[in-house]
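Novice: Let me begin by handing over the structure; questions about it come next.
The values are calculated or read from the model by the stated rules, or taken from the named source; none is laboratory data. Worth saying up front: this structure is predicted, and the values here are computed from it rather than measured. Backbone-built Cβ (ideal geometry, glycine too); neighbour counts: all protein chains shown. Protein only, heavy atoms only, side chains kept; ligands, DNA and RNA dropped before computing areas. Shrake-Rupley method; radii C 1.70, N 1.55, O 1.52, S 1.80 Å.
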Amino acid sequence: MKKILVSTALLAGVLSYAGGFRVSLQGVKQLAMAHTSAHAEDASVTFFNPAGMSFIPSKLSIVAGGFGASNKVTFQNLNTLQSTETDNPLGTPIYAAITYKPLENLSVGFSFSTPFGSTIQWPENWEGKEMVQKMELKSYYFQPMVSVKLAPWLSFGASYIYARGKVDWDKAVTQFDGQVNINDEKATGHGYGFGFYFRPDPKLDVSVAYRSPVDMKAKNGTATFKFPSQSVYSQLKLNAAGQDAFSATLPLVEEYTIGLTYKVTPKWQVSADFNYHGWERYSRLTLDFANAPIGNQADPTILVSPKNFKNTKTFRLGTQYAFSNIIYGRLGAYYDESPYTNENFIPETPSFDTYVITGGVGFKLKQFGIDIAGGYAMPQYRNVNNANLGFYGQAKARAFYFGLGLSYNPF
């Protein structure tokens, strides 16, 4: 029984690191228009499609921005009617990018972004404390890229992705009246992206892009246990500090995107996107511990768990209207699917089928641009029925986002 409880504890924490969730906050202007992608006005297009660099109307373009993301999750046990709410800190995703055209048909660029991550904090003594008390996940993407204009109306671009990741997770181990922390701040991974950007007509932009999965390799992770009695340390083959090392390969998902923007009039444009996310890669997760015999394989230090994630789709629709050459108004809405069913719901990274409405304004002052955006998410409640974790009830959530972005196209 002790082995099973400890194994479940470790597994739940690392699974959330592997799954995380996709954070659609990589451009303030894009967020205001439902985070659509076919906008080649400045360097913010680089994260969405490196080929878009070729159509930026400036030889040099620099952008940077940041967001505040606030969310609350409520879980109610339908037998006791007891409700628990998270006390999550404000999330602060950021991005920055630069592009330059050394030749008329050649563009180079660099993008920094935080496309996966979350922070969630439940009360220490809530009923799901054996699954999670606190979880902080972060990922950082560094992407050098190049784009070539193949024709006046067509470009191709590609990027290399170097990723860094971090997890810091606490949970209770009630069987031993203790707690475990899972920590790794040096996980790394590699990937790539490529895309085509079309402008067959001055009124129409079309973006087709692919971003590969990234296998985050945690080679030197540390599991730290805290128990009233150190005798448990020897049972689990931990060191004197109650620690054991682990390694794992933790995947971040691939993404396919098709986007278009159509200029209905010189002042009014409409954008739409379709995203497809490869969450099905979470078929299983393998953890390899240095010493602790808490696995479920022939080698007792290896723990394997099946997963039942599914691929998901996102549908986005946005619009922009130019009130003048200086002021632009933007609106949008999108629908984002959850990557797992009610039977696989996990409180470490709660996920819901979600409707989001967005809006914002933009200001152009010669070479400078200032963009402000906000979004309000309406997650659909879930009837949680996870027999694997013994977790049942109803989960609800609410969230909102706001962002400020700056751009500079000097020449």
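Novice: Measure nothing but the geometry: give the 0 to 90° angle between the long axis through the Cα atoms of 2-19 and the longest principal axis through the Cα atoms of the chain, rounded to 10°.
Specialist: 0
Novice: Along the positive direction of the dipole of the chain (beta-carbon charges: Lys, Arg +1; Asp, Glu -1; about the Cα centre), which of F411, A298, V384 reaches farthest?
Specialist: My answer, from the dipole projection, is F411.
Novice: A further question follows. Hey, of (i) 1.05; (ii) 0.94; (iii) 0.98, which did the structure itself give for Cα Rg over 2.2 N^0.38 Å when calculated?
Specialist: Correct label, based on the coordinates given: (i).
Novice: What FRET efficiency comes out for N291 versus A158 if R0 is 51 angstrom and r is the Cβ-Cβ distance? Round to the nearest 0.05.
Specialist: 0.75
Novice: If I stretch the segment between F363 and T222 completely, what's the gain in nm (0.36 nm per residue apart, minus their alpha carbon distance), one decimal?
Specialist: Length difference between fully extended and current span is 46.0 nm.
Novice: Suppose R0 equals 25 Å; then what is the FRET efficiency for S283 and Y392 from their Cβ-Cβ distance, rounded to the nearest 0.05?
Specialist: Once rounded, the FRET efficiency stands at 0.55.
Novice: Could you please state how large a percent of the accessible area of the stretch 52-207 is carbon and sulfur, counting protein chains only and using a 1.4 Å probe?
Specialist: Using a 1.4 Å probe with all protein chains present, the stretch 52-207 comes out at 57 percent carbon and sulfur.
Novice: Per q in 0.20 Å⁻¹, report the Debye log10 I(q)/I(0) for the stretch 42-171, using one uniform scatterer on each alpha carbon and no solvent.
Specialist: Here log10 of I(q) over I(0) equals -1.03.
Novice: Separate question: Would you please put 365-375, 37-47 in order of how densely packed they are, using the mean number of other Cβ atoms within 10 angstrom per residue and starting with the highest?
Specialist: 37-47, 365-375
Novice: For the stretch 113-149 and the stretch 283-362, what is the separation of their C-alpha centers, rounded to whole Å?
Specialist: Each part's Cα centre sits 10 Å from the other's.
Novice: Between W268 and N325, 0.36 nm times their residue separation minus their Cα-Cα distance comes to what?
Specialist: Between W268 and N325, full extension yields an extra 19.3 nm.
Novice: Now for a separate question. How far, in nm, would the chain grow between I258 and Y276 when pulled straight, counting 0.36 nm per residue and subtracting the alpha carbon separation?
Specialist: Fully extending the segment from I258 to Y276 adds 5.6 nm.
Novice: Step through the residues of the stretch 131-138 one at a time and calculate ³J(HN,Hα) from phi using the Karplus curve (6.51 cos²θ - 1.76 cosθ + 1.60, θ = phi - 60°), rounding each to whole Hz and writing x for Gly and Pro.
Specialist: 9, 6, 10, 9, 9, 10, 10, 9
Novice: If you don't mind, another one. Using a 1.4 Å probe on the protein chains only, how many percent of the accessible area of the stretch 259-411 belongs to carbon and sulfur?
Specialist: Whole-percent figure for carbon plus sulfur exposure: 60.
Novice: Tell me the per residue accessible area of the chain using a 1.4 Å probe; a whole number in Å² is fine.
Specialist: Per residue, the chain has an accessible area of 43 Å².
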